[in-house]
1. Which residue, of 232, 269, is hydroxyl-bearing (Ser, Thr, Tyr) and out of contact with any strand residue (DSSP E or B) (no Cβ under 9 Å at 6 or more places or on another chain)?
2. Just a yes or no: is a residue in region 114-134 at pLDDT 80 or above, surrounded by 21 or more Cβ atoms within 10 Å (Cβ to Cβ) and over 22 Å from residue 13 (Cα atoms)?
3. Could you tell me which residue of region 218-240 is surrounded by the fewest Cβ atoms within 10 Å (Cβ to Cβ), considering only residues that are at pLDDT 85 or above and over 12 Å from residue 326 (Cβ atoms)?
4. What is the one condition in (1) at pLDDT 85 or above; (2) open to solvent by 50 Å² or more (accessible area, probe 1.4 Å); (3) at positive phi; (4) not acidic (Asp, Glu) that residue 301 does not satisfy?
5. Residue check: is residue 547 farther than 14 Å from residue 632 by Cα, in contact with a Leu (Cβ under 8 Å, 6 or more places away or on another chain) and touching a residue at least 24 places away in the same chain (Cβ under 8 Å)?
6. Check off (1) open to solvent by less than 50 Å² (accessible area, probe 1.4 Å); (2) over 12 Å from residue 108 (Cα atoms); (3) modelled with pLDDT of 70 or more for residue 145 and give me the number that stays unchecked.
7. Among the listed residues 435, 431, which satisfies the condition of being more than 18 Å from residue 363 (Cα to Cα), in a strand (DSSP E or B) and either small (Gly, Ala, Ser) or open to solvent by less than 30 Å² (accessible area, probe 1.4 Å) (or both)?
8. List the residue pairs whose Cβ atoms are under 6 Å apart, where the first residue sits in region 558-583 and is over 22 Å from residue 610 (Cβ atoms), the second is assigned to a helix (DSSP H, G or I) and modelled with pLDDT under 90, and the two are 6 or more positions apart or on different chains.
Amino acid sequence: MDSWLKKYWYNVTRTGVVEYLKPEQQEQISLVNKTGLIAGLLSALFIGIFYRPFVEVGMLYFSIYFTILCFFVLLLNHIKKYHFATFYLFSLFSLGIFYVASVFGYDSNMHFLYIINLFAIVMAFGASDKWHLVGAISIPIILLILLFSTNFSLLKPTYLSLNYVEFVRMSVAFACIIGAIFLAYMHVNLSEKGYRRLKTEINEKQKNAQLLQQSENKLKALIENTRDNIWSVDTQFRIITMNSAFQNICKNVFLVHLEEGNNVFQGFSQEIIDYWKGIYERAFAGESFKIEWTYYNTFINRQIYVETQVSPIFNQDKKIQGATLFGRDITKRRETEKLIKQKDELLQAINQNIKEGIFRSVLDKGGIYVNESYVKMFGFESVEEALQTSPDKFYVNESDRIELVNRLLNDNHVTNQEVLYRRKDGSSFWALVSAIVTKSENGELFFDGTIKDITELKTIQVQLEKAKEIAEQSAASKTQFLSAMSHEIRTPLNAIIGISRLLLDENPKPDQIENLNTLRFSAQNLLVLINDILDFNKIEAGKVVLENIDFNLQELLKNIKLGFQIAAEDNKNLLIVQVDEQIPEFIKGDPTRLSQILTNLVGNAIKFTQKGKVTIQLGLLEKTEKEVVILFSII
């Protein structure tokens, strides 16, 4: 129960106290709340104990009103009317003293309580709060003057028992003693707290001064070690402070030695003075701005670009005391910007002259960049119109778009994929799309690529395919014609060769032998030529197919030997056939092609050999149950 009362009393007396107020202000508000609360409670207690005497002297209603008005102090503090609450409380006490003194007269000594009230007012407001202090003191003084001017009889009843007066006098004496003790205690308590607070403030100021000094040292070190040029001047153009970078640039580049306190224009040319004077005056007028200027550094033989921030310096009264300047070398930035500009111009030139459409798009948002060729390719009026149109409308076949997107997401690139697109007017065209997938820092996917219109190439391709078909048909017709003709020609040629051989075998006249030999030789050469033409046509038509049939290898070699026997004898050559005994007589293969190859080789061997020997040699290289590998040698 006791703990509950303390907590309740603490909460009530802290009415209106907020955290952002200083500790002394919080204590003053709490003290005013306590004083008003105690005054109201004591007044209510006196009404209960001395109810009848209050009725007899006519003070009952005043006491009730006084009790109620004491509690209004809490309300005023609650609504943050702190000074008015204090002023109201002491004014209420002054009126209460005036009323009681008027009722009980001079002999009650009630007016002595004004002394306690005045001291309390002084302690409450303090000497620093002059206007509230004067206002609060003036009320009890005016009421005290009014009491003496009316001889304390303004509200005195016609009949008043001396016992009441004596009781009030004793109560006043007791109240003065208690009030004096309370004021003395409060004075000592407040003085002690004030001393502690003052000591704390002094320690905090010393600590803040140390921190400020440390901060200034760090700031000076930072300014001194930075590469930027930092300096400040007062309104008389005297240098307040500067760092080594500024001092060195003045000394090494402009050949001017400056110290703090010097005129900032000292030693500079009139042209430089005229330029910078206007800049300083703009800062003195309260303007903050940036400037860019250049100078030529003879030590490194290059133009230096500098960006300088100019700001006015204000004092505590917001008056301008000078200007501070921060200069930074931006030569590299300018060179970088120049390179970027050149690259942008190059890209713009490429963008304007390239025939392919260039695009950048996002899967969910659509196009975010296209070039002029892209705009013209799809028949739009402007880049904005192209970007506002959904890319889904560009595809004739939805499957092309799905395939293109899937390949990009799976492989991160697409090269020369054919897509049938639709223009703004509804016409279609074929294009080759090449694109890659790039990812931004936030994970967003971009599709970057080119579109090349191949409609003309497609038309040429169709024409070429038609020409190819016509050429193939023509080649087939030619092959068929040559094949037919060669077969038709070989029949009479074979007859001519056979008849010429028979005529030679029948002992012709000496003068006919030469003619018959010429006839046979010409017919044989023509037959070889026709066979070669037929084979070449088959190769061109892709119709040469190797046979795989059973044939007698020994018989084939015998026929070849008989066929070249006369030619060999004409050149006085010996034609020999040598076959490995392990080679089987019958094999499976293409006897016609084998005969052609051997005939060509043997014919050349006999043709270029005189009075020698031509050998057809077959050697066994490998033999299994199903296969045999034979080496044919023409020696």
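1. The conditions single out 269.
2. no
3. Checked region 218-240; the qualifying residue surrounded by the fewest Cβ atoms within 10 Å (Cβ to Cβ) is 236.
4. The single condition residue 301 does not satisfy is (1).
5. Details: farther than 14 Å from residue 632 by Cα: yes; in contact with a Leu (Cβ under 8 Å, 6 or more places away or on another chain): no; touching a residue at least 24 places away in the same chain (Cβ under 8 Å): yes.
For residue 547, the condition - farther than 14 Å from residue 632 by Cα, in contact with a Leu (Cβ under 8 Å, 6 or more places away or on another chain) and touching a residue at least 24 places away in the same chain (Cβ under 8 Å) - is not met.
6. Single failed check for residue 145: (1).
7. Details: 435 fails: more than 18 Å from residue 363 (Cα to Cα).
Step by step, each of 435, 431 is checked, and only 431 is more than 18 Å from residue 363 (Cα to Cα), in a strand (DSSP E or B) and either small (Gly, Ala, Ser) or open to solvent by less than 30 Å² (accessible area, probe 1.4 Å) (or both).
8. Taking only residues 6 or more apart or on different chains, not a single pair turns up.
The values are calculated or read from the model by the stated rules, or taken from the named source; none is laboratory data. Bear in mind that the values here come from a model prediction, so they are computed numbers and not experimental data. All Cβ positions, glycine included, derive from the backbone under ideal geometry; neighbour counts span all protein chains shown. Areas reflect the complete protein model, heavy atoms only, side chains present, ligands, DNA and RNA absent. Shrake-Rupley method; radii C 1.70, N 1.55, O 1.52, S 1.80 Å.
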